[in-house]
Amino acid sequence: MTSAPLSAETIKNFMYASTATVSMQMLKRGFRNTAVSGVRPLNPKATRMVGPAYTLRYVPGREDLDKPPSPNDPPHAQNKAIEETPAGHVLVIGTEGNLRSGTLGDILALRLKVRGVAGVLSDGAMRDTPVIGNFDFPVYCVSAAAPPSMNHLHPVEVQTPVGICGVAVYPGDVIVADGDGAIVVPRHLADEVARDSFEQERLEKFVAIRVGQGKPIKGTYPPNDETKKLYQDWIKAGEPAGG
C-alpha cells in the first residue's frame with residue numbers, strides 16, 4: 001500500500017524552503033529527531049528531493065541465502081522496490097548502517113530515475129558512485145562500496161518502518177532533502193509544514209536583504225512590527241531582489 005501523492009502546492013512549498021527552515025518548523029511542533037545526519041548526495045548538483053517514502057529494509061546477509069543473482073531467481077524485496085516504488089516517491093533504504101556492500105549500483109539507480117522516482121535516501125553505501133554521481137537524480141547515502149549487496153546484506157521487506165541514521169521513517173512520511181541533508185516529516189503534517197516553511201523562507205529572504213543593507217539584527221531578526229510591515233509591502237511590490 002502506498003501513500004497518496006503530495007499536492008503540487010505542497011511540493012512547491014517544500015522545494016522553495018531549505019531543510020534548515022523545515023527543521024525549524026518541525027521543532028516548533030515539538031519534533032527534535034527528524035534530521036538525517038551523515039548522508040550526502042552523490043551528485044552535489046542534484047540535491048533537491050521531495051516525496052513520500054517507500055521503504056526497503058535489509059538485514060545482515062547469510063551465505064546460504066545470499067548468492068550471486070541469476071535470471072531464474074524468485075522476486076525479492078529489492079526487486080519489488082525497484083519496480084514498485086511509485087513515481088514521485090523517495091526510495092528509503094534501511095541497512096542498519098551496514099557500509100560493507102552497496103545497496104544499489106548505476107543500473108538500478110538509472111531504472112528508478114527512468115521510472116520517475118524522486119530520489120533515494122539510504123543509511124548504507126552505494127556502488128558505481130562515480131557513474132551515479134553524474135546522474136541528474138538525487139541519491140543520498142553514507143559512503144561508497146564496491147561489493148554487491150548480497151556480499152553482506154539481505155533484502156527482507158518493503159513498506160515497513162526503517163531507521164535511517166537514528167531517525168524513524170514510516171512508509172508515506174515525506175522526505176525533504178537539499179545540500180544540508182534530509183528531513184523526515186510525518187505525512188499528516190506535511191501540508192501545513194510545507195506551507196509554513198514557505199512563509200518562513202520568504203520572510204528570511206527579506207530579512208537577509210535588510211541585513212545586507214546594514215540593518216542591525218535587533219528588530220530585524222526576529223522581525224518587529226515595523227519590519228513585518230515592510231515585509232508585507234515587499235510582497236505587494238513583487239518581492240524585488242533589492243528590497
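Structure data summary
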quantity	calculated
Convex hull volume of region 187-237 per residue (C-alpha atoms, cubic angstrom)	82
Solution diffusion estimate, µm²/s, Stokes-Einstein, region 30-171, Kirkwood Rh from C-alpha pairs, 4 °C, viscosity 1.567 mPa s	87
Qualifying chymotrypsin sites (Phe, Trp or Tyr not before Pro) for region 25-77 [loop in DSSP, other Cβ within 10 Å: at most 12]	none
33 Å tail of the calculated P(r), the chain, as % of Cα pairs	26
Cα-centre dipole for region 113-239 with unit charges at Cβ (Lys and Arg positive, Asp and Glu negative), debye to 20	280
Cα convex hull of region 156-217 - mean projected area over all directions, nm²	6.0
Carbon/sulfur fraction of accessible area - the chain, other protein chains in place, 1.4 Å, %	56
Region 165-241: trypsin sites (Lys or Arg not before Pro) in DSSP coil with no more than 14 other Cβ atoms inside 10 Å	K218
Rg/Rg_globular for region 4-99, with Rg_globular taken as 2.2 N^0.38 Å and Rg from C-alpha atoms	1.38
Region 151-243 - percent relative contact order, Cα under 8 Å, separation 6 or more	14
Overall dimensions of region 99-224 as given by Cα atoms, namely Rg and Dmax in Å	19.3, 59
Given charges at beta-carbon only (K, R positive; D, E negative), |dipole| of the chain in Debye	580
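The values are calculated or read from the model by the stated rules, or taken from the named source; none is laboratory data. The shown structure was predicted, so the numbers you read here are calculated from the model rather than taken from an experiment. As a convention, Cβ positions derive from the backbone with ideal geometry for all residues, glycine included, and neighbour counts pool all protein chains shown. Note: accessible area is taken over every heavy atom of the protein model, side chains too, but ligands, DNA and RNA are not part of it. Shrake-Rupley method; radii C 1.70, N 1.55, O 1.52, S 1.80 Å.
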